[in-house]
Amino acid sequence: MLRYIGKRLLHLIPVLFVITIVIFAIVELMPGDPVNAYLGVGSKTTIEQQTRIREQLGLDQGPVVRYFKWLGRVARLDFGRSLKYRKPVVDVIGTFIWNSFSMNLVVMILAFAISIPVGIRSAVKKYGRFDNFWTVFSLTGVSMPSFFFALLLIFFIAIPIKWIPLNGMRTTLLAAKGYNSTMHEVLDVAIHMLLPVIVLTISSLASLTRYVRNSVIEVINQDYIRTARSKGLAEKVVIYKHAFRNALLPIVTLLGFYIPGLFGGALILETVFLWPGIGNILYTSILDRDYSMVMAINVFYAILMVLGNLMADVSYALVDPRIKVK
Amino acid sequence: MEKHPHSVELTEAQKKAMAVGPWRLAWDRFKKNRIALWGGSLFLIILVSVLLVPVISSYKLSEFDLANKNLPPSGEHLLGTDEQGRDVLLRLFLGGRISLRVGIMAAGVTVLLGALVGGIAGYYGGVVDNILMRFAEIVYSIPFVPTVISISAALMFRVSSEYKMYLIMFLIGILSWPGLARLVRGQILSLREQEFMLATEALGLSSFSRIVRHLLPNTLAYIIVSATLSMASAILTEAGLSFLGLGVTPPTPTWGNMIERARDFKVFRDFYWMWIPPGVMIMLTVVSINLLGEGLRDSFDPKENR
């Protein structure tokens, strides 16, 4: 098993290498001069001062040299300093990760807790009323742009109902004054989380319920289920003990894929709700031309993606004894 | 002489049954699939109205009418007017043209790249297959949303407004092909071993003709399904990008950048007719395409016997 994981990890090196080149090239193409961004709007500096800053930031060298220097630093987890936050990029990301993580965790728990029973029931009564309802539900869910759904929720729920906040993560006044208790803070954040969590949960339910349903259907058609039935077992036992356990396999794989994704933010949605997560920070960093942030967050997303694929494969190999580790 | 009309009919029916090819079978199954028919008709209606409404409309896109700005829906302006007094209904359908075009062309790029790479990898196998599939794996590992957003932000100011939509289509296409490439490759690997390919070899056909004319058509079912589904997701991606202001930018209307107006809180709260209709249109379009795609998948799938 360890050898399998080790081999898969080695496979990742060229993948990450190419992705970092892509990211570096993207940021090279970005408009504007990072020196100006560093100095801020309307600062009065002479050309000599600007040249000195340029040299200090290492911007006077060619792109290839800078790429390898950057890569060397990335390997040591040194992503430089954020021009906007005036702090090491790693620290900035470190604080915002948890805002994305806490929201994603709630969404993931809800999504799995709902989709597994729903998926099983849809599979057992295939094409029944319950199944058809969820078919329509998931179709609408995957077809609705998440940001539009978010706007509708804000328009029809948050605007008429005064105690549901429009956006943000905390009530500004409360956060400035300080909360009375931890409970108070948790409640405040929770109520801000309500709408984005609804949107994200519904959009993940749309694909998850289908996924669970299809993997249960696949299992139900197997010979060993027929055997279990012909043995005279109760339908409940057949479904929950024999079928579900085997259907769990692809679901666990999916869970493996999801876990690294918990740390990444849903970019567009966080932007709509002004949720201070990783996705939102990437967007504002792009607008602010905070290039070291943009690069670092892109690398971060790439690592999450690659880890997700790896986790999916590894968890599959772990759960399914039929898969031989080569 | 006795006539046997019955037996004649039977033989005709038998002939007909023998003549039914895979396409005919798929079409018959598709016709029976009511959901797919609904999706297809809805999509056709949207397509036709997007083409026709701007022609019929008595308003023009370039007409500014500041005296009649921010008007709510009425008999004269069915969906009201925007902040510059332009007819929202007209902009909605003109925007639809762009959004649909981006979707169709992005799907085209995806299919072209996916089918070619998958076809070549599957046909040649060995080192070529290895290299191409490693490359597909790398592209597949690129996180889609952050990368698309970063690239289009990087190129935003280098590309003029009218070319931006081409930029967006290529971006979406270039990042979305690996899924289809894998599918096509898998199919071709098994098709390659069949007898008709031996026949093409005996005929001395070129590799190009063997891939494009004999192998790819056999994977067409997958390609068509994948094309419809990737069109749906391309429309959603374009909408998201334009909503963030990183896609197609005004004055060219698209559904995404019409919703973008809702980021202005006053427009959002008071002028709902400016941003709800484009959102509804995106939803209807994507639902119709997805229904069509699912229906096609079922019709082409020989295992599906509903």
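The values are calculated or read from the model by the stated rules, or taken from the named source; none is laboratory data. In this text, all values refer to a predicted model and were calculated from it rather than measured experimentally. Counting neighbours? That spans all protein chains shown, and the Cβs are built from the backbone with ideal geometry, glycine included. For accessibility, only protein heavy atoms count, side chains too; no ligands or nucleic acids. Shrake-Rupley method; radii C 1.70, N 1.55, O 1.52, S 1.80 Å.
Looking at region A:144-159, which of its residues are open to solvent by 20 Å² or more (accessible area, probe 1.4 Å) and within 11 Å of chain B (Cβ to nearest Cβ)?
Those that are open to solvent by 20 Å² or more (accessible area, probe 1.4 Å) and within 11 Å of chain B (Cβ to nearest Cβ): A:144, A:146, A:149, A:152, A:155, A:156, A:159.
Can you name the residue in region B:138-171 that is crowded, with 21+ Cβ neighbours inside 10 Å and over 23 Å from residue A:279 (Cα atoms) and, of all such residues, is farthest from the other protein chains (Cβ to nearest Cβ)?
B:165
Taking the options B:215, B:203, B:296, B:229, name whichever one is open to solvent by 60 Å² or more (accessible area, probe 1.4 Å) and more than 9 Å from every other protein chain (Cβ to nearest Cβ).
Values: B:215 fails: open to solvent by 60 Å² or more (accessible area, probe 1.4 Å); B:296 fails: open to solvent by 60 Å² or more (accessible area, probe 1.4 Å); B:229 fails: open to solvent by 60 Å² or more (accessible area, probe 1.4 Å).
One residue alone meets the criteria, B:203.
Could we say that residue B:283 is at the interface with another protein chain (Cβ under 8 Å from one of its Cβ atoms), in a helix (DSSP H, G or I) and modelled with pLDDT of 85 or more here? Before you say what the answer is, go through the steps one by one.
On the way: at the interface with another protein chain (Cβ under 8 Å from one of its Cβ atoms): yes; in a helix (DSSP H, G or I): yes; modelled with pLDDT of 85 or more: yes.
The answer is yes for residue B:283.
In region B:143-243, which helices (runs of 4 or more DSSP H) lie fully inside it and hold 3 or more residues that are hydrophobic (A, V, I, L, M, F, W, C), within 19 Å of the chain's Cα centre (by Cα) and farther than 30 Å from residue A:151 by Cα?
Numbers: elements: B:144-155, B:161-176, B:178-191, B:195-202, B:220-243.
The qualifying helices (runs of 4 or more DSSP H) are B:178-191, B:220-243.
Can you name the condition, by its number, that residue B:135 falls short on among (1) free of Cβ contacts under 8 Å to residues at least 40 places away in the same chain; (2) surrounded by 22 or more Cβ atoms within 10 Å (Cβ to Cβ)?
(2)
Residues in region B:269-276: is at least one surrounded by fewer than 17 Cβ atoms within 10 Å (Cβ to Cβ) and touching a helix residue (DSSP H, G or I) at 6+ places or on another chain (Cβ under 8 Å)? Give the steps one after another, and end with the answer.
Start the filter on region B:269-276 by keeping residues that are surrounded by fewer than 17 Cβ atoms within 10 Å (Cβ to Cβ), which leaves B:269-270.
If we keep only those that are touching a helix residue (DSSP H, G or I) at 6+ places or on another chain (Cβ under 8 Å) too, we end up with B:269.
Yes; the residues of region B:269-276 include at least one that is surrounded by fewer than 17 Cβ atoms within 10 Å (Cβ to Cβ) and touching a helix residue (DSSP H, G or I) at 6+ places or on another chain (Cβ under 8 Å).
Kindly indicate which of B:279, B:245, B:256 is open to solvent by less than 10 Å² (accessible area, probe 1.4 Å) and free of Cβ contacts under 8 Å to residues at least 40 places away in the same chain. First the steps, then the outcome.
On the way: B:245 fails: open to solvent by less than 10 Å² (accessible area, probe 1.4 Å); B:256 fails: free of Cβ contacts under 8 Å to residues at least 40 places away in the same chain.
Within the list B:279, B:245, B:256, the selection yields B:279.
So, of the residues in region A:113-143 that are open to solvent by 40 Å² or more (accessible area, probe 1.4 Å) and outside any helix (DSSP H, G or I), which turns out to be nearest to the other protein chains (Cβ to nearest Cβ)?
Residue satisfying both the conditions and the ranking: A:127.
Looking at (1) more than 11 Å from chain A (Cβ to nearest Cβ); (2) closer than 28 Å to residue B:72 by Cβ; (3) among the hydrophobic types (A, V, I, L, M, F, W, C), find the lone condition where residue B:224 falls short.
Status for residue B:224: all satisfied but (2).
Mind checking which helices (runs of 4 or more DSSP H) fall wholly inside region A:238-326 and carry at least 3 residues that are within 11 Å of another protein chain (Cβ to nearest Cβ)?
Because the criterion is at least 3 residues that are within 11 Å of another protein chain (Cβ to nearest Cβ), the helices (runs of 4 or more DSSP H) in region A:238-326 that meet it are A:267-272, A:278-288, A:291-319.
For region A:265-275, indicate whether the set of residues that are among the charged types (D, E, K, R) and at pLDDT 85 or above is non-empty. Step through it out loud before you land on a result.
Narrowing region A:265-275 to residues among the charged types (D, E, K, R): A:270.
If we keep only those that are at pLDDT 85 or above too, we end up with A:270.
Scanning region A:265-275 turns up at least one residue that is among the charged types (D, E, K, R) and at pLDDT 85 or above.
Under 6 Å between Cβ atoms, which residue pairs at least 6 apart in sequence (or on different chains) link something in region B:28-51 that is under 21 Å from residue B:235 (Cα atoms) with a partner that is open to solvent by 60 Å² or more (accessible area, probe 1.4 Å) and part of a helix (DSSP H, G or I)?
Short answer, once both residue conditions are applied: B:50/B:97.
With the condition kept exactly as written, say whether any residue in region B:81-98 is in a helix (DSSP H, G or I), free of Cβ contacts under 8 Å to residues at least 24 places away in the same chain and within 29 Å of residue B:286 (Cα to Cα). Please lay out each step first, then the result.
Within region B:81-98, the subset in a helix (DSSP H, G or I) is B:88-98.
Keeping just the survivors that are free of Cβ contacts under 8 Å to residues at least 24 places away in the same chain gives none.
No, the conditions are met nowhere in region B:81-98.
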